[in-house]
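A.B. asks: I'd like to ask you about the structure that follows.
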Amino acid sequence: MLAGKVALITGAGQGIGQGIALALAKRGVKIAAAGRTMEKCEHTRRLIAERHGTEAIAIACDVANTADLERSVSATVARFGALDILVNNAVSTSPGPLLTQQHDQIMTAFTVGPIATLRLMQLCHPYLSAKGGSIINMASTAAKRWDMSNYGVYAAEKEAIRALTRAAASEWGKDNIRANCILPHARSPALEKWIAHYPEEAAAFVRSIPLQRIGDCEADIGEFVAMLCGPESSYISGQSIAVDGGQACMG
């Protein structure tokens, strides 16, 4: 059972992060919804209270700022007394040809992506190991695309997260910490913006999904994450799982 456990979720103000927060809260998980925009995180907190009556807090957090990461973990533990689930969902993308990528763009992508993911896993480790915990990191099928043109930096940061997740699972299994990656397709605000800007590519993208649809942030992605955090998945660790309607071949 997940009821009574505590989850810290970054990028929880909208999209996939919000969907995961709602799915976990439905099962009685106490939620620390962290994100750059406090108003959006407060909206997630209100949705949780209205729909499920579960305790939740909103935390302003820029994951590129180490002090914010430290404060987010401290605030979560101070409020709830524990931390059982970490979801690293915040992301920064830098699409475009490799020759156009500027140093600042690349550094932001990696700072918000694998560097923040690793730092937050390190900060949460003492609490996750106290009773056994679960880490869910967000990767992407971008590196599995039939054509990776314009997605090199994004794919690289996400592949780095997959490597860090596997390492955490290997090193921290003895501490009863599980770490897994999901590679989701979901109608997040970011994806909606991409669809609006690249309608032809987006149409081809959907046609390449065997189930012929893009997933829902809560019903498809959030529910799967809740299952992955639950006791029925207690022997799953170190895995990268595409939650994408069957599009990617992970072999």
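The values are calculated or read from the model by the stated rules, or taken from the named source; none is laboratory data. Just so you know, these numbers come straight off a predicted model, no measurement behind them. We place every Cβ from the backbone using ideal geometry, glycine too, and count neighbours over all the protein chains shown.
A.B. asks: Of a type in the set (Gly, Ala, Ser), part of a loop (DSSP other than H, G, I, E, B) and under 21 Å from the mean Cα position of the chain (by Cα) - does that describe any residue in region 219-227?
C.D. replies: no
A.B. asks: Something else now. Residue pairs, Cβ under 6 Å, 6 or more apart or interchain, first in region 202-222 and surrounded by 15 or more Cβ atoms within 10 Å (Cβ to Cβ), second part of a loop (DSSP other than H, G, I, E, B) and basic (Lys, Arg). List them.
C.D. replies: Filtered contacts from region 202-222: Ile214/Arg187.
A.B. asks: To continue, here is another question. Somewhere in region 147-158, is a residue touching a strand residue (DSSP E or B) at 6+ places or on another chain (Cβ under 9 Å), over 23 Å from Val6 (Cα atoms) and not in a loop (DSSP other than H, G, I, E, B)?
C.D. replies: Within region 147-158, one or more residues are touching a strand residue (DSSP E or B) at 6+ places or on another chain (Cβ under 9 Å), over 23 Å from Val6 (Cα atoms) and not in a loop (DSSP other than H, G, I, E, B).
A.B. asks: A further question on this structure: Provide a single number: the residues in region 82-119 that are in contact with a strand residue (DSSP E or B) (Cβ under 6 Å, 6 or more places away or on another chain) and either farther than 30 Å from Asp175 by Cβ or part of a helix (DSSP H, G or I) (or both).
C.D. replies: Counting residues in region 82-119 that are in contact with a strand residue (DSSP E or B) (Cβ under 6 Å, 6 or more places away or on another chain) and either farther than 30 Å from Asp175 by Cβ or part of a helix (DSSP H, G or I) (or both) gives 1.
A.B. asks: Residue by residue through region 65-105, note down the ones that are at pLDDT 95 or above, in contact with a helix residue (DSSP H, G or I) (Cβ under 8 Å, 6 or more places away or on another chain), aliphatic (A, V, I, L, M) and surrounded by 14 or more Cβ atoms within 10 Å (Cβ to Cβ).
C.D. replies: Leu69, Val73, Val77, Ala82, Leu83, Ile85, Leu86, Val87
A.B. asks: So the check is Cβ under 9 Å with 6+ separation or different chains; which pairs have a first residue in region 61-73 that's among the polar types (S, T, N, Q) and a second one that's in a loop (DSSP other than H, G, I, E, B)?
C.D. replies: Close Cβ pairs satisfying both conditions: Ser72/Cys61; Ser72/Val63.
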